[in-house]
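Where a number appears in this text, it was derived from the coordinates with a stated rule and is not lab data. Note that the structure is a prediction, hence the values are computed from the model and not measured. Cβ sites come from the backbone with ideal geometry, for glycine too, and all protein chains shown count toward neighbours.
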Amino acid sequence: MPAVLENIITAVSPNPHDYSVTLTWANGATTVSSLSHLVGKGVFARLTDPSIFAQARVGPRGRSLEWPGEIEFCSDALWFEAHPEDAPQTLHREHVP
């Protein structure tokens with residue numbers, strides 16, 4: 001189970017037709033992440049242009065997925081979205097009436 005800060009992206013293959021990215025990870029895993037629910041909204045508006053989306057690249061030290069214009073996703077967030085069972089557990093407060 002990779003922990004926070006252990007999730008390193010080594011390669012990205014963007015698919016502008018369905019706004020997904022195939023990511024290769026340092027641990028040898030490969031995941032496909034759909035970003036279609038975000039593309040076109042707020043800071044992700046520019047990614048609707050297929051030529052921009054196709055410019056996805058691995059960020060410094062593999063710790064992010066980036067596009068021109070300072071658009072980026074944290075590698076941990078992408079890993080944990082694909083592997084929710086690996087996500088750090090959050091503390092739950094007991095409900096007190």
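Based solely on its DSSP helices, what 222 nm [θ] is calculated for the chain when runs of n ≥ 4 H residues each add -39,500 (n - 2.57) and the sum is averaged over all residues, nearest 500 deg cm²/dmol? Don't skip to the end; give the middle numbers.
Values: 2 runs with 12 residues, N = 97.
My calculation for the chain gives -3000 deg cm²/dmol from helical runs alone.
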With label points set 7 Å from each Cα along the Cα-to-Cβ direction at HIS17 and ASP49, the distance between them in nm comes to 2.3
Once normalised by the length of the chain, the mean sequence separation of its alpha carbon contacts under 8 Å that are 6 or more apart gives a contact order in percent of 26
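Kirkwood Rh over Cα pairs of the range 9-85 into Stokes-Einstein at 25 °C, 0.890 mPa s: D in µm²/s? Intermediate values should be presented prior to the final figure.
Working: Rh = 12.4 Å.
Here the translational diffusion coefficient equals 198 µm²/s.
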For the range 22-77, listing GluC sites (Glu not before Pro) in a DSSP loop whose Cβ sees at most 12 other Cβ atoms within 10 Å gives GLU70
Residue span THR31 to ARG63: 0.36 nm per residue of separation minus Cα-Cα distance leaves a gain in nm of 10.0 nm
